[in-house]
Amino acid sequence: GEQTEEVSRCVEVIYTVSSIVEANDTSSKGCEDELELVFNILPPFTLTPSAEPSSAPTGSPTASPTASPTASPTASPTGSPTASPSSSPTFEPTASPTSSPTASPTSSPTGSPTSSPTASPTASPTSGPTASPTSSPTSSPSASPTSAPTASPTGSPTASPTRSPTASPTASPTASPSASPTTNPTASPTASPTTAPSALPSAEPSNFACEVAVKVTCETDDGISCNDIPTPNSTCAFGVPLDGLQFTYIPGNTCEKSRNQQYEVDPSCEDIAPVGDTPVVLECSGSNGDDMVVLVTDIGSGQSLFTVQPPTPGTSLPPSINCTILSNATSPPEELQWNVIDTSGDAELDLKEAYGALQLESCSGLGVEDKVCVEQLVLETLLRNVGADTMNVTLVESRINYDPPSDQLDQVVPNPLEPGDNATVVEVVYFDFCETGSFSYVIRADANPPDGEMCEDEDGYNITIAPACSVDLTNLTCSDLSAPADDPRNCSEIPPIEIPQCECTECARELIFRYTQAPCPLMPSGYGCEQQGDLAPTGTLTVNSSSTSSGGSETFFTTDVSLGADIVIVDTREVDECVPEDLDITIATATGIQVITNLDTNCGTGNGIDLTTEFGSLQFTGYTCDRNGENSTNCFSDVLLETCAENDGTIDLFIDLFELDVIGDTTDLLNGTAPLTLEPGQVVCGEQTEEVSRCVEVIYTVSSIVEANDTSSKGCED
């Protein structure tokens, strides 16, 4: 798209131009994009002075403007701006910065940093104590002991404590500390101190040598990271032949509990015996008579995954398969249920749909990407000795969600682990990526070194899945209820009324009027109308004939009326006989009465009254010419509108809104029962009867809408 615009070259304007595009698609998510362009045209001069004008004009104009206005006009123009700067900033930087810092800070930075930083630590450490121990021991803890005891205790302790020394040995030994004292003091003290202190303490705790590192990775068997696995789109109707399906068994799910669109079209399921909580096997055969290959995979929690494949690899499944569920608890296995499933790739087939007790978990087609709900996950844990000494791994335990811990120590090979050695622990689990849920895996390892304390480490892996729901309005149909049962027709095939007036070969045997509660017109045309009071929505209608043989008026039809309802007038005196053409009609209500006189229908003359014409509170809408209701014409036909919503996603959804709109008139198809829960594959339908006109051209627009929520809080609609 393009557009021509005008821009100014004399006045500076900043032009901001933006474009935006928004689109919808079949996903109902839509998309959009936006671009922006900014430009301006800067004139070489300004239209207003840059500063306030001087108090008086200059003697003569200057050759060029000064950088700022002068205090007073100059005698003649200067050739260049004045040298001294104005109070406003200069256009160029000042001279180069000084080589050394000024006494006080300047308004601009110096060209190079100052010679030495201020307020920073000294270049060498202070004389204060260092943060680490000295490299050599301090001098001897005390002075050398005296050769003889001193008269009084010294200021520093002796190498070993003594009692108060005596001037000379006592004549007899003291009672303590020894049993018999030495005759003379020893030449040197006993238990001399060591010549140097013990070794320096280590920077780390004494179990530094033991350090184990645990690291968990999670991938599919195809090498895809577990956190990169998307929730698949649910549809398996690839448009190409299918070559594989996977099912799980749902105990207790009878044929009546099937949840799939194929079952809605052609129920092909039969219960033979109760489908209880028992081990089962699955046998499948194709519509071509071949037996299918069924592989069984244990996926934990007592569940198995049944994979159905064609007998020849690289080929497709037949157009349909018949799968029989058998109990593995009996000998021979007892048949419990069978299902026929369309596997052509063209019929509706969605993940998580239930075909009796079989729930679809994955599908694959020739040349298209597989769609898988239950994925096999490989959890690989690397244990590494990152310490400086050999360690013996004494415990490895893993836990999945809230299950009891599982011992994995036997997978640690080698054990003990030398410094730098690794050991790998592998676990295989299955997780459903199509249902809302979470998966938590934690693994812990303990180890002991030959000397030192125990060390440990743990790691984990978490997956959270919250797929959005998906709801599909599978159909919106309109059918004509007036059509014969053996010849149904949709609304687009309803014929219009070609002759818009009452016309019968002989006479009309039924006249159809609709009560509108309208008052008499000011000037009735071709009939008489009188009214007292205002008509109420309900009342009684009486029809008289003014063309009796006696010349009087005779009542031949009476009925109750209500607003918007049709009144079929017949001659109750003689069934299936002609209705008199000269009518006097009285509508009596609780608040008013209306009398219509001399209404001549002329249906048997070929020039009868026009359809949709109003006569007071009655609108002429149809007639029947023949006996037994045959050859009937009515301006209005009843049609049946029906729409269905299916959960074609993989999780339960909760329908909050399900409406049908006919030309702006909305009907709640839930009848106030929201929210309505739909399991995957389950369908809910709503219908409504509407009236359409065959006499007046009307464009009928009918729409249905469904909105639902789910456990992801994202919701869905169609």
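The values are calculated or read from the model by the stated rules, or taken from the named source; none is laboratory data. Remember, predicted model here, so these are calculated numbers, not experimental data. Cβ: placed from backbone, ideal geometry, glycine included. Neighbour counts: every protein chain shown. When the accessible area is computed, the model is the full protein with side chains, heavy atoms only, and any ligands, DNA or RNA have been set aside. Shrake-Rupley method; radii C 1.70, N 1.55, O 1.52, S 1.80 Å.
Of the residues that make up region 527-549, is at least one part of a strand (DSSP E or B), open to solvent by 70 Å² or more (accessible area, probe 1.4 Å) and not hydroxyl-bearing (S, T, Y)?
Yes, because at least one residue in region 527-549 is part of a strand (DSSP E or B), open to solvent by 70 Å² or more (accessible area, probe 1.4 Å) and not hydroxyl-bearing (S, T, Y).
For the condition β-branched (V, I, T), under 30 Å from D403 (Cβ atoms) and either at pLDDT below 95 or in contact with a helix residue (DSSP H, G or I) (Cβ under 9 Å, 6 or more places away or on another chain) (or both), what is the one hit in V368, V372? Talk me through it step by step, then tell me what you get.
Details: V368 fails: under 30 Å from D403 (Cβ atoms).
The conditions single out V372.
Sort out which residues of region 426-454 are open to solvent by less than 60 Å² (accessible area, probe 1.4 Å), in a strand (DSSP E or B) and closer than 30 Å to E707 by Cα, and write them in order of number.
F431, D432, G437, F439
Using the structure shown, decide if S268 is loosely packed, with under 13 Cβ neighbours inside 10 Å and among the hydroxyl-bearing types (S, T, Y). Break it down stepwise before answering.
Numbers: loosely packed, with under 13 Cβ neighbours inside 10 Å: no; among the hydroxyl-bearing types (S, T, Y): yes.
So S268 fails the test.
Considering only residues that are farther than 23 Å from P500 by Cβ, assigned to a loop (DSSP other than H, G, I, E, B) and in contact (Cβ under 8 Å) with a residue 40 or more places away in the chain, which ones fall in region 575-618?
Going residue by residue through region 575-618, those that are farther than 23 Å from P500 by Cβ are 575-577, 584, 586-595, 597.
This time we only want the ones that are assigned to a loop (DSSP other than H, G, I, E, B), so: 575-577, 590-591.
Scanning region 575-618 gives D576, E577, A590, T591.
I'm checking my understanding of the structure. Among residues of region 647-663 that are of a type outside the set (V, I, T), under 18 Å from the mean Cα position of the chain (by Cα) and open to solvent by less than 40 Å² (accessible area, probe 1.4 Å), which one is nearest to V683 (Cα to Cα)? Show your work before the answer.
Of all residues in region 647-663, those of a type outside the set (V, I, T) come to 647-649, 652-654, 656-661.
With the extra rule that they be under 18 Å from the mean Cα position of the chain (by Cα), the set shrinks to 647-649, 652-654, 656-657.
After this cut, where a residue has to be open to solvent by less than 40 Å² (accessible area, probe 1.4 Å) as well, the list is 647-649, 653.
Details: N647: 7, D648: 9, G649: 12, L653: 11 Å.
Only one residue fits best here, namely N647.
Can you name the residue in region 556-574 that is of a type in the set (A, V, I, L, M) and open to solvent by 20 Å² or more (accessible area, probe 1.4 Å) and, of all such residues, is farthest from Y623 (Cα to Cα)? Spell out how you get there, then give the answer.
Step one: filter region 556-574 for residues of a type in the set (A, V, I, L, M), giving 561, 563, 565, 567-570.
Okay, now just the ones that are also open to solvent by 20 Å² or more (accessible area, probe 1.4 Å), so 563, 565, 568, 570.
Values: L563: 20, A565: 15, V568: 8, V570: 10 Å.
Top of the filtered list is L563.
Would you say I512 is closer than 17 Å to G608 by Cβ and under 60 Å from the mean Cα position of the chain (by Cα)? Full working, then the answer.
Working: closer than 17 Å to G608 by Cβ: yes; under 60 Å from the mean Cα position of the chain (by Cα): yes.
So I512 fits the description; yes.
Does L295 qualify as being open to solvent by 50 Å² or more (accessible area, probe 1.4 Å), out of contact with any Pro (no Cβ under 9 Å at 6 or more places or on another chain) and not aromatic (F, W, Y)? I'd like the intermediate steps shown before the answer.
On the way: open to solvent by 50 Å² or more (accessible area, probe 1.4 Å): yes; out of contact with any Pro (no Cβ under 9 Å at 6 or more places or on another chain): yes; not aromatic (F, W, Y): yes.
So L295 passes the test.
Would you pick out the residues in region 619-646 that are part of a loop (DSSP other than H, G, I, E, B) and either of a type in the set (S, T, Y) or open to solvent by 50 Å² or more (accessible area, probe 1.4 Å) (or both)?
As a first pass, look at region 619-646 and keep what is part of a loop (DSSP other than H, G, I, E, B): 625-626, 630-631, 635.
Within region 619-646, D626, E630, N631 qualify.
Specify which of the listed residues (T330, T315) is outside any strand (DSSP E or B), among the hydroxyl-bearing types (S, T, Y) and under 27 Å from D222 (Cα atoms). Show your work before the answer.
Values: T330 fails: under 27 Å from D222 (Cα atoms).
From the options T330, T315, the qualifying one is T315.
Among the residues of region 661-684, is any touching a Cys at 6+ places or on another chain (Cβ under 8 Å) and over 28 Å from S562 (Cβ atoms)? First the steps, then the outcome.
At the first step, the residues of region 661-684 found to be touching a Cys at 6+ places or on another chain (Cβ under 8 Å) are 683-684.
Checking the rest, the ones that are also over 28 Å from S562 (Cβ atoms) come to 683-684.
Yes, some residue in region 661-684 is touching a Cys at 6+ places or on another chain (Cβ under 8 Å) and over 28 Å from S562 (Cβ atoms).
Go through region 455-493 and give me each residue that's in a loop (DSSP other than H, G, I, E, B), open to solvent by 90 Å² or more (accessible area, probe 1.4 Å) and touching a residue at least 12 places away in the same chain (Cβ under 8 Å). Outline the logic, then answer.
Initially, region 455-493 is screened for residues in a loop (DSSP other than H, G, I, E, B), giving 466-470, 481-489.
Those still in the list that are open to solvent by 90 Å² or more (accessible area, probe 1.4 Å) too: 481, 485-488.
Result: L481, single match.
Would you mention how many residues in region 1-17 are β-branched (V, I, T) and part of a loop (DSSP other than H, G, I, E, B)? So that I can check it myself, show each step before the final result.
First pass over region 1-17, keeping only residues β-branched (V, I, T): 4, 7, 11, 13-14, 16-17.
When the remaining residues are screened for being part of a loop (DSSP other than H, G, I, E, B), the result is 4, 7, 11, 13.
Total meeting the criteria: 4.
Can you name the residue in region 359-396 that is open to solvent by less than 10 Å² (accessible area, probe 1.4 Å), within 27 Å of the chain's Cα centre (by Cα) and of a type in the set (A, V, I, L, M, F, W, C) and is also nearest to F306 (Cα to Cα) among such residues?
Only one residue tops the list, namely L360.
Mind listing just one residue for me: the one in region 494-505 that is loosely packed, with under 12 Cβ neighbours inside 10 Å and not polar (S, T, N, Q) and, of those, farthest from T701 (Cα to Cα)?
The initial filter retains those residues of region 494-505 that are loosely packed, with under 12 Cβ neighbours inside 10 Å, namely 495-496, 498-499, 505.
When the remaining residues are screened for being not polar (S, T, N, Q), the result is 495-496, 498-499.
On the way: P495: 18, P496: 18, E498: 23, I499: 26 Å.
Filtering first and then ranking leaves I499.
Are any residues in region 270-295 closer than 22 Å to Q309 by Cβ and hydrophobic (A, V, I, L, M, F, W, C), and if so, which ones? It would help to see each step written out before you state the result.
Of all residues in region 270-295, those closer than 22 Å to Q309 by Cβ come to 279-295.
Answer for region 270-295, where residues must be closer than 22 Å to Q309 by Cβ and hydrophobic (A, V, I, L, M, F, W, C): V280, V281, L282, C284, M292, V293, V294, L295.
Does any residue in region 353-365 that is aromatic (F, W, Y) come within less than 9 Å, Cβ to Cβ, of a residue that is surrounded by fewer than 21 Cβ atoms within 10 Å (Cβ to Cβ) and part of a strand (DSSP E or B) six or more places away or on a different chain, and which pairs are these?
Y355/V340
Which pairs turn up if I take residues in region 404-416 that are among the acidic types (D, E) and look for partners that are open to solvent by 60 Å² or more (accessible area, probe 1.4 Å) and not in a loop (DSSP other than H, G, I, E, B) with beta carbon separation below 8 Å, at least 6 apart in sequence or on another chain?
So the pair list comes out as D407/E397.
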